[in-house]
């Protein structure tokens, strides 16, 4: 048993390296990768209400929510995450939907289409 542990310990760097290569070459949503830690959730830029930047910001939101689905598992958490990315006029538009229990919206698409 001791030699088996030593053998695995010597090959551990190879296992880590192969897992990184596999993740790049053939990424899967349900990758069984026990050798790497979960990715940190990277922050998106704040949106202040500039209509010129709205489409690009929405695209960033959609990509982020799709790629980090495991880190933001439900709609309530996604809405809270997006609310925290708003500033100024954009945040003011969402204020009527903020309740003590959370954001009173049914989905992300609704939040993204609210206008004053």
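Each reported figure results from applying straightforward, stated rules to the coordinates on display, with no laboratory input. Note that this is a predicted model, so its numbers are computed, not measured. Ideal geometry is used to build each Cβ from the backbone, glycine not excepted, and the neighbour counts take in all protein chains shown.
Below, the figures for the structure above:
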| item | result |
| --- | --- |
| Gain on full stretching of the segment that runs from residue 109 to residue 74 - 0.36 nm per residue minus C-alpha separation | 11.2 nm |
| Spatial extent of the range 43-116: Rg and Dmax, with the Cα atoms as the point set, Å | 11.6, 32 |
| Distance in nm between pseudo-label sites at residue 55 and residue 101 (7 Å out along the Cβ direction from Cα) | 3.8 |
| Extension reserve of the residue 43-residue 93 stretch, reckoned as 0.36 nm per residue once the Cα distance is removed | 15.9 nm |
